[in-house]
Structures are given as structure tokens and as C-alpha cells.
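The values are calculated or read from the model by the stated rules, or taken from the named source; none is laboratory data. The structure displayed is predicted, hence computed values, not measured ones. Cβ placement follows ideal geometry from the backbone for every residue including glycine, while neighbour counts extend to all protein chains displayed.
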Amino acid sequence: MIPDLGLAALVLALAAAVYSAGAAYYGRSTNQPRWVESALNATIATFPLTTLSCLIMVYLLVQGDFSVEYVWSVSSLEMSTYLKVSALWGGQAGSLLFWNFLLAAFTAVAMARNWGKQKELMPYALMVASFTQIFF
């Protein structure tokens, strides 16, 4: 149940990133700022979703839920807690999840802080950040 919640959060983050890229492109090409604002909201929504997914993975690692393949492959019962937490980026899937989380955090903060300063560049920044998020 808990691993499914983490996966659902990650899938929703992917959907939000795809929507954000499309809405930013459409809003910029048709000169409709409400679409660009919607893309901003979708981009900011990816941050709590990836945070939830990351926290669930850390929880599963600390609890030693070996029904999850990633937990089984990067941790053991003998590991101390701080090693289990750091095992999040111990394998490829966890490392990509962690970098996705960092990218979502940076993008949300950057967009929230600079949104009013450079309105012309923000749709392009949203598209690039969203496509990068989709890649991860």
C-alpha cells in the first residue's frame, strides 16, 4: 500500500511535468498568460509530489520493507539508520528519484522567486525545467 502511494505520487509528478511543458508552450505560442500561469502551478505541484515519493522511499528503507525490490537491493537489516537513509541514492533508481526531488525543489523555488522579474523568459524556463523533470 505505501509503495503504491509513492509510485502514484511519482506518476502524478510526471503527469504534472508533461502538462506543465505543454501548457507553457501553448500559452507562449498563443500569447495566453493564463496557460503559462497554469504551467507554473503544475511545476510547483511537482515538488510536493516528488517530496512525498522520496520520503516514502526513505521510510521503506528505514523500516526494511524488503518486499520492495529497491530496498532489497541496496540495504540490509544490519545497516544503521543513517546508512539506510543514504541508501536512497545508493542505486540508480533511488539516485534518479533523489535528483528528481532536488530538481523539483530548485525549479519550484526559482520559479516562485523570479516569476515577476522576467515574464518573457519564464515560459521557456518552465518548458526546459519540465522537460528535464520528465527525463528524470
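Structure values in brief
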quantity: Single condition Gly27 does not satisfy, out of (1) modelled with pLDDT of 90 or more; (2) surrounded by fewer than 14 Cβ atoms within 10 Å (Cβ to Cβ); (3) over 18 Å from the mean Cα position of the chain (by Cα); calculated: (2)
quantity: Test: Ala93 is in a helix (DSSP H, G or I), within 18 Å of the chain's Cα centre (by Cα), touching a residue at least 24 places away in the same chain (Cβ under 8 Å) and surrounded by 15 or more Cβ atoms within 10 Å (Cβ to Cβ); calculated: no
quantity: Residue that is farthest from Asn100 (Cα to Cα), among those in segment 55-70 that are in contact (Cβ under 8 Å) with a residue 60 or more places away in the chain and surrounded by 14 or more Cβ atoms within 10 Å (Cβ to Cβ); calculated: Asp65
quantity: Selection status of Trp35, over 19 Å from the mean Cα position of the chain (by Cα), loosely packed, with under 14 Cβ neighbours inside 10 Å and on the phi < 0 side of the Ramachandran plot; calculated: no
quantity: Residues of segment 96-136 that turn out to be of a type in the set (A, V, I, L, M) and free of Cβ contacts under 8 Å to residues at least 24 places away in the same chain, as a count; calculated: 6
quantity: When residues of segment 106-127 are limited to those that are surrounded by 14 or more Cβ atoms within 10 Å (Cβ to Cβ) and of a type in the set (A, V, I, L, M), the one farthest from Gly22 (Cα to Cα); calculated: Ala110
quantity: Answer from Ala13, Ala9 - the residue that is small (Gly, Ala, Ser), in a helix (DSSP H, G or I) and buried (at least 21 other Cβ atoms within 10 Å of the Cβ); calculated: Ala13
quantity: Total residues in segment 30-54, condition free of Cβ contacts under 8 Å to residues at least 12 places away in the same chain and either closer than 18 Å to Gly6 by Cα or touching a Cys at 6+ places or on another chain (Cβ under 7 Å) (or both); calculated: 1
quantity: Qualifying positions in segment 99-126 - under 19 Å from Ser29 (Cα atoms) and part of a helix (DSSP H, G or I); calculated: Met122, Pro123, Tyr124, Ala125, Leu126
